[in-house]
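Colleague: Once you've had a glance at the structure underneath, I'll fire off some questions.
The values are calculated or read from the model by the stated rules, or taken from the named source; none is laboratory data. Note that this is a predicted model, so its numbers are computed, not measured. Cβ sites come from the backbone with ideal geometry, for glycine too, and all protein chains shown count toward neighbours. Quick note on the areas: whole protein, heavy atoms, side chains included, nothing else; ligands and nucleic acids left out. Shrake-Rupley method; radii C 1.70, N 1.55, O 1.52, S 1.80 Å.
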Amino acid sequence: MPEKTLIEAIHDAMDEEMARDPSVVLLGEDVGLRGGVFRASAGLIEKYGEARVIDTPLAESSIAGVAIGMALNGLRPIAEMQFADFSFPAFNQIQSEAARMYYRSNGGWKVPMVVRMPYGGGPGVHGALYHSQSVEAFYAHIPGLKVVLPSFPYDAKGMLKAAIRDDDPVIFLEHKKAYRSVRQEVPDGDYTVPLGPAEVRREGRHVTIYSYGFLLHESLRAAEQLKGEGIECTVVDVRSLKPLDKKTIVEAAKLTGRVLIVHEDNVSFGAGAEIAAVIAEEALFHLDAPVRRLCGPDVPGIGFNHVYEVEFTPDAARIAAAARELARY
Amino acid sequence: MEVTVKMPQLGESVTEGTVSAWLKKPGDRVERYESLLEVITDKVNAEVPSPHAGVVKALLVKEGDTVPVGTPICILEAEGEGEADASAAEGHGPAAGAAPAGSAEPGAGAVTAASTESPQPFAPGQSERGRYSPAVRRLAREHGVDLTQVRGTGAGGRVTREDVERFVAQRAAGAPAPAAPAAVHRAAEAPAAHGAPAAPAPKLGPDDELLPLTPIRRTIARNMVLSASTIPHAWTMVEADVTGIERLIEARGAEFRAREGVPLTFLPFAVKAAVEALKVVPRLNATWSEEGIILHRRVHIGIAVATEEGLVVPVVHDADRLSIAGLAAAIADLAARARAGTLKLDDMQGGTFTVDNTGAVGTELSVPILVPGQTGILTTERAKKKPVVVGDAIAIRTMMALCLSIDHRVVDGAEAGRFLTEVRRRLESVGPETGLY
């Protein structure tokens, strides 16, 4: 089986879906001739033509609005926001129209579209304030959307295919630092990974770590490091925020009674708060320590300076330190 | 500056408290509102928060000792300015009563109010002994573990989930569990103080299992020893024909339940009959003292409720002011909260007479032991159909035994017989048309 990067897996998913289903179209800034600024759609315009791979103006509100119109008229659009940071002009279209269409029309109209968004930053990304934000909490708050964030190439391909085939609008978040730094064997050909279930990436009896995005990989590194110290961690890949796999989350919490939630997004009102609340509601009598979050601080973004990048972003060492403290509690 | 902490009043009519555990020792730092000690009163535990931030200078009362409310129990070297004066400290002492009074659940200390300057969750205080996480409490309950017996290996000596699991595993394997130092104080329990002859210490054989004593078990034991060894019990019983009540429940129980949300059972009728009979024989609503017999004007009926932890006796206050429907609701509420472990201290105190529906567990005659401080306890036994003589014919009637134990110092057989006759007469006068409101 060939090893692929996350970005290659995403490319393959779009390529295969467009070949399989002529109603699948791709639109966004530079997705056509340029092949996407991250090269996710390289070669697709040559293969499927300008009618299905559409270079749009720099107007995210219109990208989302056009995609919604396409979806209502029988197509399955993949809208690419060049950076998740740029999705805010499109926020109104997504939250006021796409997300509520099905409810508003009493189930009469569906919006089967995918909005792909490269997000996140961290040391070496140098995305600064406008190219490294984490936006998942904004979208996960909206009823009517699905919000997924695969961290492994295998999941990226399988979940993007599932998202394209899904009848609901799906916000599909791709961590930029994971794009080329994470490799994994990815099967050629068709398979899907369902949108919803979390995945337990490793099991241990002392501390449970929940994460997603690039920090999931840092969490796995921290767990490996802690194993050498006799601290065994369960690591849960919360690859879907909406739907949220409460069952797996609660079971993993019960396993250890000590939980650490790690994400890059600002700590307050982030996905970690929801995960913590689920655990508090459903696993109270299994908790042996306060629930802890290790997240990005509440500042408006990751500064360009390398020192800011390092300071903002939890890494394996800091995750290990937090888990160690929990294990000792 | 120095501040004296006094035994707080943990409930309206609580006059004394037993220090079950100090959570701080001299030299320990304590935050304002952080738990300072655990106090046991009657059947309820409560944690007492510190009125000030500061350092513990001296503990004036030993664990296991019982002292009256207001007794100085601890000296703090308080920090801060305005709030450090002694009057403020006194002002805050009773505030402990405002903290949730805990529940009848053993070991379930009250959670103290969160301080705005509460320490970081990851900087546990010097001593976390006596504070248990939800997971630890659940495990302890499931396995009947007395947590004071478990050695804590967590931060600040906290008992962790794994400590409990290890303790249970070692106990199952028969290995002596490492005892916690704090447990020692509890060894000298009350029996000797009540003059009970010391029995030879029982030995734990290889085929025996030692169930550690929960606080509720200890309290029951203490009360029963106290009652059985100091009160001269006398016992008597009558049989009542409760066919009418049975018919009433049959005829109107479903409608009652639909309207009131609680089932219509025999018990409220028994309580109402007892309350009315107490009005006729007020001597049974009394407390013995060497100065004289204390007659209680108000009637507070203790209702015995069996829970998984043991017998508890929550109280229906002013039961003489309630209708059948009111009694049914009050009893259902107390029983539900007793089983859920959410009784409050006030629910547990002030009883002047007790009714125990022992028939619920199938008994036909009981010889109950009095609650210390009360003069009578009535049991209602299993109702069953019997051939009885009615007039000059034999009829099948539903009969029930009513058993009464009395404090013979306060009353004699005459009052006991009169009381039971009054109860019987009232029960037998109930029929399908009797009012419930």
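Colleague: Work out, in µm²/s and without decimals, the Stokes-Einstein translational diffusion coefficient of the protein assembly as shown at 25 °C, 0.890 mPa s, Rh from Kirkwood over C-alpha pairs. All intermediate terms of the calculation are to be shown ahead of the outcome.
Modeller: On the way: Rh = 31.4 Å.
Diffusion coefficient, whole number: 78 µm²/s.
Colleague: I've got another one for you. Rounded to the nearest 5, what is the percent of antiparallel bridges among the DSSP beta bridges in chain A? Write down the numbers at each step before the final one.
Modeller: On the way: 8 of 42 bridges.
Antiparallel bridges: around 20 percent, rounded to the nearest 5.
Colleague: For the protein assembly as shown, what is the accessible area per residue in Å² when the probe is 1.4 Å? Could the numbers behind the result be given before it?
Modeller: Numbers: 33750 Å² over 766 residues.
Using a 1.4 Å probe on heavy atoms only, each residue of the protein assembly as shown averages 44 Å².
Colleague: Is any residue of segment A:265-281 close enough, with backbone N under 14 Å, to a label point placed 7 angstrom from the Cα of residue A:299 along the Cα-Cβ axis, and if so, which?
Modeller: From segment A:265-281, the list is A:266-267.
Colleague: Separate question: How long is the gain from residue A:47 to residue A:280 if the chain were fully straight, where each residue apart is worth 0.36 nm and the alpha carbon distance is subtracted? Mind showing how you got there, number by number?
Modeller: Numbers: separation 233, 0.36 × 233 = 83.88 nm, distance 5.06 nm.
Working it through step by step, the gained length comes to 78.8 nm.
Colleague: Further question: For segment B:359-419, compute Rg over Rh where Rg is the Cα radius of gyration and Rh is the Kirkwood radius from the inverse mean 1/r over Cα pairs.
Modeller: Details: Rg = 14.7 Å, Rh = 13.4 Å.
A ratio of 1.10.
Colleague: What average count of beta carbons from other chains do you get within 10 Å of the Cβ of residues in A:265-278? Write out the running numbers ahead of the final one.
Modeller: Values: counts 0, 0, 0, 0, 0, 0, 0, 0, 0, 0, 0, 0, 0, 0.
Average neighbour count from other chains, rounded to a whole number: 0.
Colleague: Can you give the helix-only mean residue ellipticity at 222 nm for the protein assembly as shown, where every DSSP H stretch with n ≥ 4 adds -39500 (n - 2.57) and the sum goes over all residues, rounded to the nearest 500 deg cm²/dmol?
Modeller: Details: 22 runs with 237 residues, N = 766.
It comes out at -9500 deg cm²/dmol, rounded to the nearest 500.
Colleague: How many nm is it between the label spots at residue B:208 and residue B:294, if each spot is 7 Å from the Cα in line with the beta carbon?
Modeller: Rounded to a tenth, the inter-label distance reads 3.9 nm.
Colleague: Beta carbons within 10 angstrom, averaged per residue: use that to sort the peptides A:191-204, B:239-252, highest first.
Modeller: Taking the mean over residues of other Cβ atoms within 10 Å, the ranking is B:239-252, A:191-204.
Colleague: In segment A:54-117, carbon and sulfur make up what percent of the accessible area (probe 1.4 Å)?
Modeller: Details: 1540 of 2790 Å².
After summing per-atom areas, the C and S share lands at 55 percent.
Colleague: Okay, next question. Can you give the Kirkwood hydrodynamic radius for segment B:220-428, in Å, rounded to one decimal and based on Cα pairs?
Modeller: On the way: mean 1/r = 0.0570 Å⁻¹.
Taking every pair of different Cα atoms in segment B:220-428, averaging 1/r and inverting gives 17.5 Å.
Colleague: Can you give me the % of accessible surface on segment B:220-428 that is carbon or sulfur? Probe 1.4 Å, all protein chains present, nothing else counted. Don't skip to the end; give the middle numbers.
Modeller: Details: 5160 of 9430 Å².
It is 55 percent, rounded to a whole number.
Colleague: Sorting A:34, A:292 by accessible area (1.4 Å probe), largest first, what list results?
Modeller: A:34, A:292
Colleague: Moving to a separate point now. I'd like the distance between the alpha-carbon centres of segment A:16-68 and segment B:345-364, rounded to an integer number of Å.
Modeller: 77
Colleague: Of the peptides A:105-112, A:279-286, how do they stack up when ordered by the mean number of other Cβ atoms within 10 Å, highest first? Intermediate values should be presented prior to the final figure.
Modeller: Numbers: A:105-112: 13.5, A:279-286: 17.0.
Answer by packing, highest mean first, reads A:279-286, A:105-112.
Colleague: Here is a follow-up. Compute the length gained on full extension between residue B:369 and residue B:2: take 0.36 nm times their separation in residues and subtract their Cα-Cα distance, giving the result in nm to one decimal. Intermediate values should be presented prior to the final figure.
Modeller: Details: separation 367, 0.36 × 367 = 132.12 nm, distance 4.69 nm.
Length difference between fully extended and current span is 127.4 nm.
Colleague: Compute the distance in nm between two label points, each set 7 Å from the Cα along the Cα-to-Cβ direction, one at residue B:151 and one at residue A:73.
Modeller: 7.7
Colleague: Pop out the carbon and sulfur fraction of the accessible area of segment A:168-287 as a percent, whole number, probe 1.4 Å.
Modeller: Result for segment A:168-287: 49 percent of the exposed heavy-atom area is carbon or sulfur.
Colleague: Highest mean first, what order results for A:300-313, B:365-378 on Cβ atoms within 10 Å?
Modeller: Numbers: A:300-313: 16.3, B:365-378: 21.5.
Top to bottom by mean Cβ count within 10 Å: B:365-378, A:300-313.
Colleague: Please compute the average number of Cβ atoms from other chains found within 10 Å of each residue's Cβ in peptide B:143-156. Each step should come with its number before you reach the end.
Modeller: Numbers: counts 0, 0, 0, 0, 0, 0, 0, 0, 0, 0, 1, 5, 4, 1.
That works out to 1 on average.
Colleague: With r as the distance between the Cβ atoms of residue B:62 and residue B:395 and R0 = 60 Å, compute the FRET efficiency 1/(1 + (r/R0)^6) and round to 0.05. List each step's numbers first, then the result.
Modeller: On the way: r = 64 Å, r/R0 = 1.07.
The calculated FRET efficiency here is 0.40.
Colleague: Then there's this: May I ask you to evaluate 6.51 cos²θ - 1.76 cosθ + 1.60, the Karplus curve with θ = phi - 60°, for each residue of segment A:190-198 and list the ³J(HN,Hα) values in order in whole Hz, giving x for glycine and proline?
Modeller: Coupling constants for segment A:190-198: 8, 7, 10, 10, x, 8, x, x, 7 Hz.
Colleague: If you don't mind, there's one more thing I want to ask. May I ask you to evaluate 6.51 cos²θ - 1.76 cosθ + 1.60, the Karplus curve with θ = phi - 60°, for each residue of segment A:229-239 and list the ³J(HN,Hα) values in order in whole Hz, giving x for glycine and proline?
Modeller: Working through the residues one at a time gives 9, x, 9, 9, 10, 8, 10, 10, 8, 8, 7 Hz.
Colleague: What list of ³J(HN,Hα) couplings, whole Hz, do you get for segment B:204-210 from phi and the Karplus terms 6.51, -1.76, 1.60, once you set θ to phi - 60° and write x for glycine and proline?
Modeller: 8, x, x, 9, 9, 10, 9
Colleague: Let me ask something else about it. By its C-alpha gyration tensor, with a ≥ b ≥ c as the square roots of the eigenvalues, how is segment A:199-328 shaped: rounded for a/c under 1.5, else prolate for a/b larger than b/c, else oblate? Before the final figure, lay out each step's value.
Modeller: On the way: a/c = 1.80, a/b = 1.28, b/c = 1.41.
Oblate shape, in that a/c is at least 1.5 and b/c is the bigger or equal ratio.
Colleague: Something else: Quick one: buried accessible area between A and B, total over both chains, 1.4 angstrom probe, nearest 100 Å²? Walk me through the numbers before you get to the answer.
Modeller: Working: alone 13540 and 21530 Å², together 33750 Å².
In total, chains A and B hide about 1300 Å² from solvent.
Colleague: Roughly what would the spin-label model give for residue A:180 and residue B:384, points 7 Å off Cα along C-beta, in nm?
Modeller: 8.8
Colleague: Under a Cβ-only charge scheme (Lys and Arg +1, Asp and Glu -1), can you give me the dipole magnitude of segment A:199-328 about the Cα centre, in debye to the nearest 20? Intermediate values should be presented prior to the final figure.
Modeller: Details: 16 positive and 20 negative charges, 68 e Å.
Approximately 320 debye in magnitude.
Colleague: Kindly tabulate the residues in segment A:304-329 with an accessible-area decrease of at least 30 Å² between the chain alone and the assembly of all protein chains, using a probe of 1.4 Å.
Modeller: A:325, A:329
Colleague: Over chain A, what relative contact order in percent results from Cα pairs under 8 Å that are six or more residues apart? Don't jump to the answer; show the numbers that get you there.
Modeller: Working: 761 pairs, mean separation 56.6, N = 329.
For chain A, the relative contact order is 17 percent.
Colleague: Could you tell me the ratio Rg/Rh of chain A? Both radii from Cα atoms, Rh via Kirkwood.
Modeller: Details: Rg = 19.4 Å, Rh = 20.0 Å.
Radius of gyration relative to Kirkwood radius: 0.97.
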